[in-house]
Every structure is written in C-alpha cells, then in structure tokens.
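Read through the structure below, which is laid out as structure tokens, and then see the notes.
Derivation of every value follows stated rules applied to the coordinates shown; laboratory data play no part. In this text, all values refer to a predicted model and were calculated from it rather than measured experimentally. Glycine gets a Cβ as well: all are built from the backbone with ideal geometry, and neighbour counts include every protein chain shown.
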C-alpha cells in the first residue's frame, strides 16, 4: 500500500518508436517507480540496450522487447524513426501495428491495471478486452494537441487548415499559409489505412483519460481546451524532467568553451531526426559566421554527405578559425546548455528540448520546422515572451541574414526587449526548478490514476 493508503499500480508503457517518445515515457516511468509503482515498458528489441542506462529503478521497471517485422518500404532492420526518413515512417507505423499479437500475449501474462500509449489506435480496444484502462500519454504540448480536436482531410484547402478549432485559447496563435500547407501531410496515409491525424484522434477517442507531460503554470488553457474538445478527463504529470545531469562534459568541449567569455557562445542543435539539404546547411552556418559571435553548431551531415566538414562552404573554416565549431556527431545537449560560457541556444523547439532550455540561462532563438515545433514556438515567443523566432522567406527558407539578426538581437545587452525576455525566462526557470512543484504534480497524478482504477 502507498502512504496515502492506495495500492501500488502496475502500468504498461507503449510509446511511438522514436527516442523523443521513449525518453519522456521513461522519465515518467522513473517518477512513478520512485513512488513504488511497477512499470512494464514495451520497446523494439534493438532499443532496449540504449535505454537501460536511463532506467533508475531496474527492480521496478522491466523492459519487454518486441520484434518489429520487416514490411515493404522499410530499410532492413528498421525499428525506430532515427533510421527511417519521414516519408517512409508510415511503413514503420504499419510494421509496429503488426506487433499487436505480441503485445496482447504479454499483457495477458503481466496483467497491468492500465496501459499508457500514444500512437497505437488499436490499444484501447485490446486493453478493454483484457480489463486494462487505456491512458493516452501526450509528449507534445497541449497547445499542439489542441489542433487534433479538429479533423483534417486531403480535400481541405490551406485556408481551411489555417483556421484554428473553435474556442482555441490564444488569438495570438496564427498559422502562416506555408505552415498550414506543411501540416497537410497529417492528412496523408500513415499505415493501416489511417492518416497521421486520424491515428491520433482515434487513439485519443478510445482512451479513458488523456495525460499530459506538462503543468498548468505553462499550458493550463490548452489542457482545458483538449479536455473539453475530446470530452475526456485530463491528468497532468508535471514536466517529469530528469534530475540535473551532474556528469562533467568531455574535456574536448570544456577546453574549447573555456576560450570564451561567460554567456558569449551561441550553441545550435536541431536533434537527431533533423537532416538539412546542403543549401540549408550552408546558409545556416554562414549565418553563424555573420553574427560575429563564437558558436558551436551540432548538426547531422546534410543529405548526400557523410561528414559536416565536406559540406561546409568554401573557405568557411579559414575565415572562422577557432571562433566557430561545426560538429556532426552526438553532443550532450542538456549539459552544454548549463555550461556558463554558452549564452544563446538556437533550436527547432521540439517539446523535449523546450523543457531543457526552460531550465537553462540561455537566450533563445527558434527555427521551428514541422508540426508541434511551430506551436511550441508561438507559445514561447507570443505568450511567454522568452525568445525570438527567426523570420523565414516566402518558401520557408532561413537566410543567413535573418539568423544573424535574431542572434544579435537577443545577445545585445543594451536591448531592453532582449533583457525583458531574459527576465521572463528567469522567472519561469525559478518556478520550474522548484522541487516541490514536480513532487506535487506526480503525487496528484498518481492519486488520479488510482481513482480511475477504483
């Protein structure tokens, strides 16, 4: 029994097969296991070894590996989005749909009270057949999730997509025509005869409750909107951030950063799934050169290149010298954000990255690319006023000049607007850094789950 007198829960976790989903599901699992609850976590076979080091409670969190079958259209051995281009991910979704029998067999044996899932529209029916509560766990912003209260079809015009659902909380949030056009991909087939948007809507409609990885201090109006739009109870787990990583940076990063003044280095990272075209990549690094500040850019090699070095503009390294570093491998983003010499962070504003930079002291420059990144950016820029968005051209291109201007704007210590953003960010960081905040959310979250089981 828990301290509150409630029984300990057994919860199954089945996230979409992307590290941007595995990791927040596992962060929540760690928070729940810390309170003594048992977790059974479904992952593709090849992923389990990569997540083991994030499992803080191996006595309570057990991984159940799934064999992801090969289907036509998928690269051989593909199990996650990290090796599957966006235009082929419908085949990956279809492949994971074929694991239903494996999942059913495991659920029959382990008998959890509930299953948390986010993309598998077939989980609610399967769960109910087995007497298990289906809980839809959202790892994107509730602001973005609010758009899913509205159906999306191939026949819609860009103007129709631009129209926000009736009652959507923020009038300051507007989709640009080119952004709405990009969102039309959600109306395309995404495996098993459903579009991307309908997969989500079907999965949500079948749930007993919707759980968000957020807090009311950031997104309360949008959580309320989703609850009303789908007619489901909404539970908030809090941001479920991991403990601050105290592991020291590798000496190579420390040595390079130590050349510069505190708060002077511009850091850029777009995450593991972002692969730019050569011209986009070159324009971006030229923008960092143009800003005149020291910079550390961590990007995957652009399409058609095996290294970032061979894709750099001619003469770039000679001109930049030791002031700039462009790196094509993985970097410890969270640790870098907390290095005192990094003062600005340029990123896509993915939801996981958003929480990381909210806990940093960096000035924020945002270049949203797809889906929820666009809505997250509007929340940060228009509502919370803690960063700037880089202006794009008519074809959504980012010029070196627009990037350079955005960086110089936020890094100008005499700019009152930039200073206001810094103050707003500091206030929000103080709220989110309060350990009692997360503790209160997770306790209330667990109680709400226990009440659902009664």
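Quick notes
- Cα-based shape type of region 118-215, given that a ≥ b ≥ c are square roots of the gyration tensor eigenvalues and the cut on a/c is 1.5: oblate
- Overall form of region 285-383 per C-alpha gyration tensor (a/c, 1.5; a/b vs b/c): prolate
- Note: relative contact order over the chain, using C-alpha pairs below 8 Å and six or more positions apart, is 13 percent.
- For region 251-432, the relative contact order comes to 23 percent (Cα pairs under 8 Å, sequence separation of at least 6).
- Least to most buried among 202, 214, 157 (fewest other Cβ within 10 Å first): 157, 202, 214
- In terms of its C-alpha gyration tensor, region 371-415 comes out oblate, because a/c is 1.5 or above while a/b does not outweigh b/c.
- Directionally averaged projected area (region 251-432, Cα convex hull): 10.2 nm².
- Cα-only Debye scattering, region 165-230: base-10 log of I(q)/I(0) at q = 0.22 Å⁻¹: -1.17
- A helix-only calculation puts the chain at -11500 deg cm²/dmol for mean residue ellipticity at 222 nm, using -39500 (n - 2.57) for each DSSP H run of at least four residues, averaged over all residues.
- Sorted fewest first by neighbouring Cβ atoms within 10 angstrom, 118, 414 come out as 414, 118.
- Ranked 377, 417, criterion: other C-beta atoms within 10 Å, fewest first: 417, 377
- When every Cα-Cα distance of the chain is counted in 20 angstrom steps from zero, the calculated P(r) takes the values 24, 58, 18, 0 percent.
- The translational diffusion coefficient of region 326-369, from Stokes-Einstein at 4 °C and 1.567 mPa s with a Kirkwood hydrodynamic radius over alpha carbon pairs, comes to 118 µm²/s.
- Packing order of peptides 331-344, 75-88, highest average first: 331-344, 75-88 (average count of other Cβ atoms within 10 Å over each peptide's residues).
- Peptide packing for 265-271, 448-454 was compared via the average number of neighbouring C-beta atoms within 10 Å per residue; ordered from the highest value, the list is 265-271, 448-454.
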